[in-house]
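The values are calculated or read from the model by the stated rules, or taken from the named source; none is laboratory data. In this text, all values refer to a predicted model and were calculated from it rather than measured experimentally. Methodologically, a virtual Cβ is constructed for each residue, glycine included, from the backbone with ideal geometry; neighbour enumeration extends over all protein chains shown. Heavy atoms of the whole protein, side chains included, go into the accessibility calculation; ligands, DNA and RNA do not. Shrake-Rupley method; radii C 1.70, N 1.55, O 1.52, S 1.80 Å.
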Amino acid sequence: MEETSLLSEAETARYRDQGYLALDGICPQDEVGYIRGTLMDMFENRTGYNEGAQYDFISRDDPSRPARFPSLHDPRHYAPDLLKTTYHARTLAMARQLLGPDAALYGEHALLKPGGGGPETPWHQDEAFRSPDFVYKELSIWLALQPATLENGCMQFIPGSNKWDVLEHRSPGGDKHLHPLECCGDFARDLAVAEPLAPGGCTVHDARTLHYTGANTSNAPRLAYILIYNTPPVYKPGRREFPWLEGRWTDSQTRKKEWHRRGGLAVDLVRRLPAIRLTSPRWLAWATIRAVNKVGPR
Ligand SMILES: O=C(O)CCC(=O)C(=O)O
């Protein structure tokens, strides 16, 4: 099958209707081993910790003890070969099928949920993390790097929630230092559908689709590698408000800001150069407004 049409018409129709897909065998097994090994090394070495890229997903960061839920943003900045994989080419092709030809990689995220009770990831919609002043076309592709099961925290979705607005969210326990947001809107959690996967399988979900992963009650860690694709968001200010974003400030943001001040800003800009879409006025407007909003008082 052509890399440009990885998904059948039935799959794209199901994605539009349900807001997610579960797919087998998208990542070749040798690449599963390579991606897994690369990410595990980075977690072991705390790669990116001082730059704010690695952090505890569920608790405040405390460098004197292991993270409860280690998490790493944009591992390609430390291992650029992650983007030279067949897996990356396939996911880009899928994203373009579902979002349109101007879809491109927005970010990556690796999440290592430890065995023996690694914490749950609360119900949320990814768009709740974004600025409310834009219209988004965005999806995430969640790759299983070992079997993903109900026991170790596979993805669970509310079918059709992609057609809803963004529901109300909050910081867990009201602690705005924490990374996750949890949806506190009204929806039937018992409609959740769990999607176990074999290694190399992935789920694809829309930025509005409600999703969750349970605690890892197995005795082995659960590692997932998430690629986020979008088209350049469209600026539509004043349409809605996301009060749960106000005053949010994580320990990793503090480390990133300090790193930028120490000279890391130039490094960060160089790393991001390949993602710049100079020919897209919409992308340039989005990037400029985001950059201006990030220059805050902290
Ligand atoms: O793997 C997890 O625990 C959560 C992943 C997630 O929320 C996402 O991919 O958007």
Checklist entry - Of all the residues that make up the range 27-58, how many are part of a helix (DSSP H, G or I) and within 20 Å of P180 (Cα to Cα)? => result 1
Item to check | Which listed residue is modelled with pLDDT of 95 or more and open to solvent by 90 Å² or more (accessible area, probe 1.4 Å), from T213, T217 | outcome: T217
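List the strands (runs of 3 or more DSSP E) that sit entirely inside the range 90-166 and contain at least 3 residues that are open to solvent by 20 Å² or more (accessible area, probe 1.4 Å) and within 18 Å of A198 (Cα to Cα). I'd like the intermediate steps shown before the answer.
Details: elements: 104-113, 121-124, 138-144, 155-157.
Fully inside the range 90-166 and qualifying: nothing.
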Next on the checklist: Checking K176 against (1) under 25 Å from L82 (Cα atoms); (2) more than 11 Å from the ligand (Cβ to nearest atom): exactly one of these is not met. Which one?
Outcome noted: (1)
Checklist entry - Using beta carbons and a limit of 8 Å, which pairs, at least six apart or on different chains, have the first residue in the range 249-276 and under 23 Å from L178 (Cα atoms) and the second one modelled with pLDDT of 95 or more and open to solvent by 70 Å² or more (accessible area, probe 1.4 Å)? => result W249/H177; T250/H177; D251/R60; D251/H177; R255/N50; W259/N50
Item to check | Sole exception among (1) in contact with a helix residue (DSSP H, G or I) (Cβ under 8 Å, 6 or more places away or on another chain); (2) more than 12 Å from the ligand (Cβ to nearest atom) for W164, by number | outcome: (1)
Next on the checklist: With the structure loaded, tell me whether Y106 is within 16 Å of the ligand (Cβ to nearest atom) and touching a strand residue (DSSP E or B) at 6+ places or on another chain (Cβ under 8 Å) or whether it fails that test.
Outcome noted: yes
Next on the checklist: I need the full set of residues from the range 40-73 which are open to solvent by 90 Å² or more (accessible area, probe 1.4 Å), closer than 21 Å to A215 by Cα and among the charged types (D, E, K, R), in order please.
Outcome noted: R60, R65, R68
Checklist outcome for this item: From the option list Y78, Y55, Y34, single residue qualifying as touching a Leu at 6+ places or on another chain (Cβ under 9 Å) and in contact (Cβ under 8 Å) with a residue 60 or more places away in the chain is Y55
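Looking at G117, G153, which is the one that is in contact with a strand residue (DSSP E or B) (Cβ under 6 Å, 6 or more places away or on another chain) and not β-branched (V, I, T)?
On the way: G117 fails: in contact with a strand residue (DSSP E or B) (Cβ under 6 Å, 6 or more places away or on another chain).
Going through G117, G153 in turn, the sole match is G153.
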Next on the checklist: Considering only the range 180-188, I want to know if a residue exists there that is touching a strand residue (DSSP E or B) at 6+ places or on another chain (Cβ under 7 Å), within 27 Å of N293 (Cα to Cα) and assigned to a strand (DSSP E or B).
Outcome noted: yes
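Being in a strand (DSSP E or B) and small (G, A, S) is the filter here; which residues of the range 59-83 pass it? Step through it out loud before you land on a result.
Here is the first cut: in the range 59-83, the ones in a strand (DSSP E or B) are 70-73.
Scanning the range 59-83 gives a single hit, S71.
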